[in-house]
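Structure record follows, encoded as structure tokens.
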Amino acid sequence: MERVFERSRADFISKVMANMGIGLFITFMSAYFTYSSEWLLSFIFSSPIVFLALMFGEIGLVVYLTRRLEKMSFAQARIGFFAYAVINGLTLSVIFL
């Protein structure tokens, strides 16, 4: 019985790590695409309002996901996490500058 528990826990942890890796890759691709696109880069960083809206939107999404997590389905939580990864990539694209 304990081996079944250990195996299921290991499977769960490996799925969580896979989703985290996908999220990290999405963040990287979003940041790199923003860095590569002159239009998108100038749109985000030409006005502090747009950049601040992205930052506060990112924090707002975290608060929303945290409060609604137990009521969400797995697919909704995953989509929210990947949306967070995209927004995070947009705000972190400044690292490439």
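The values are calculated or read from the model by the stated rules, or taken from the named source; none is laboratory data. Predicted model only: the values in this text are computed from it and were never measured. Don't worry about glycine lacking a Cβ; one is built from the backbone with ideal geometry, like all the others, and counts go over all protein chains shown. Note: accessible area is taken over every heavy atom of the protein model, side chains too, but ligands, DNA and RNA are not part of it. Shrake-Rupley method; radii C 1.70, N 1.55, O 1.52, S 1.80 Å.
Over all orientations, segment 51-97 has a Cα convex hull whose mean projected area works out to 3.3 square nanometres. For the chain, modelled as a GNM whose springs connect Cα atoms under 10 angstrom apart, the maximal fluctuation among Ile13, Ile79, Ile26 occurs at Ile13. Taking 0.36 nm per residue of sequence separation and removing the Cα-Cα distance, the Phe96/Ser36 pair yields an extension gain of 20.6 nm.
What per residue convex hull volume, in Å³, do the alpha-carbon atoms of segment 1-90 yield?
91
Working from Cα pairs under 8 Å separated by at least six residues, relative contact order for the chain is 47 percent. Here the chain is treated with +1 on each Lys and Arg Cβ and -1 on each Asp and Glu Cβ, and its dipole about the Cα centre works out to around 340 debye.
GNM on the chain, alpha-carbon springs under 10 angstrom: the most fluctuating residue among Ala31, Ala53, Ala83 is Ala53.
Spin-label model, Ser8/Val50: points 7 Å from Cα along the beta carbon direction are separated by 4.9 nm. Centroid-to-centroid, using Cα positions, segment 55-78 and segment 1-50 are 15 Å apart.
What are the DSSP H helices in the chain that stretch 15 Å or more along their long axis, judged by alpha-carbon atoms, and whose average Kyte-Doolittle hydropathy comes to at least -0.5? Span-like helices, by this rule, are 2-36, 48-68, 74-92.
Ordering Ser14, Ser47 by how much accessible area each has at a 1.4 Å probe, largest first, what is the list?
Descending order: Ser14, Ser47.
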